[in-house]
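S.K.: Below is a structure I'd like to ask you about.
The values are calculated or read from the model by the stated rules, or taken from the named source; none is laboratory data. Just so it is clear, the model here is predicted, and its values are computed rather than measured. Please note: Cβ atoms are built from the backbone with ideal geometry, for glycine as well, and neighbour counts cover all protein chains shown. These accessible areas exclude ligands, DNA and RNA; they are computed on the full protein's heavy atoms, side chains included. Shrake-Rupley method; radii C 1.70, N 1.55, O 1.52, S 1.80 Å.
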Amino acid sequence: MPRTWDNYECEFFTGNTENGMGDSKYLILSDKMTRTALVNFKRAPNQVLSENPAIAYLDPSGLLYKVIMATPDDRKITIADVGGDRIFVRVNRDPLEPVVAECSRKPANGLCTFDFHNHDGILSHIHVGHVVKLLSLGRPRRNSV
């Protein structure tokens, strides 16, 4: 099974469209990330995160996004393969007809965040976030986000 890849170093915000509690801030380094989701300070403090999950990016109108959002059991979502900036994710909602679709290792404005812990292709602690905006690629500056 594929191991975790190096993240693209960048910083960005994700647009919170659910309420008026502000956007989330992300600081991504090659081997870790910090996600500060202001909306979750009271609701779910564990969403203020600083550790080393893998991160990828989903098309919010794509099949993979829809299937992941409809699959509450993280154990049914695995990494099938990684090729360059393409990550192939397998979702076993129906064992006879699994969905295999791709997401991106490279961030882009308009894609949704998809972070998780990757244990040789087996995923846990899956978090699908909001749409990336104000993306700045390259090694983030200290205290910039």
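S.K.: Restricting attention to segment 82-116, and to residues there that are under 19 Å from Asp31 (Cα atoms), open to solvent by 40 Å² or more (accessible area, probe 1.4 Å) and not β-branched (Val, Ile, Thr), which single residue is modelled with the lowest pLDDT?
M.R.: Gly84
S.K.: I've got another one for you. For the list (1) of a type in the set (Ser, Thr, Tyr); (2) out of contact with any Phe, Trp or Tyr (no Cβ under 7 Å at 6 or more places or on another chain); (3) assigned to a strand (DSSP E or B), I need the number of the one condition that Thr71 fails.
M.R.: The failed condition is (3).
S.K.: Can you tell me how many residues within segment 77-104 are assigned to a loop (DSSP other than H, G, I, E, B) and out of contact with any Pro (no Cβ under 7 Å at 6 or more places or on another chain)? If you could, list the steps in order and put the result at the bottom.
M.R.: Initial filter on segment 77-104 (assigned to a loop (DSSP other than H, G, I, E, B)): 84-85, 92-98.
Then drop every residue that is not out of contact with any Pro (no Cβ under 7 Å at 6 or more places or on another chain), which leaves 84-85, 93-98.
Of the residues in that region, 8 qualify.
S.K.: Quick one: which of Pro72, Pro53, Pro60 is of a type outside the set (Asp, Glu) and modelled with pLDDT under 85? Please lay out each step first, then the result.
M.R.: Numbers: Pro72 fails: modelled with pLDDT under 85; Pro60 fails: modelled with pLDDT under 85.
Going through Pro72, Pro53, Pro60 in turn, just one is of a type outside the set (Asp, Glu) and modelled with pLDDT under 85: Pro53.
S.K.: Suppose the filter is aliphatic (A, V, I, L, M), modelled with pLDDT of 85 or more, more than 22 Å from Thr17 (Cβ to Cβ) and open to solvent by 50 Å² or more (accessible area, probe 1.4 Å); does Ile122 pass it? Show your work before the answer.
M.R.: Working: aliphatic (A, V, I, L, M): yes; modelled with pLDDT of 85 or more: yes; more than 22 Å from Thr17 (Cβ to Cβ): yes; open to solvent by 50 Å² or more (accessible area, probe 1.4 Å): yes.
Considered against the rule, which asks whether it is aliphatic (A, V, I, L, M), modelled with pLDDT of 85 or more, more than 22 Å from Thr17 (Cβ to Cβ) and open to solvent by 50 Å² or more (accessible area, probe 1.4 Å), Ile122 comes out as yes.
S.K.: Restricted to segment 22-50, and to residues that are within 17 Å of His117 (Cβ to Cβ) and open to solvent by 50 Å² or more (accessible area, probe 1.4 Å), which residue is modelled with the lowest pLDDT?
M.R.: Asn46
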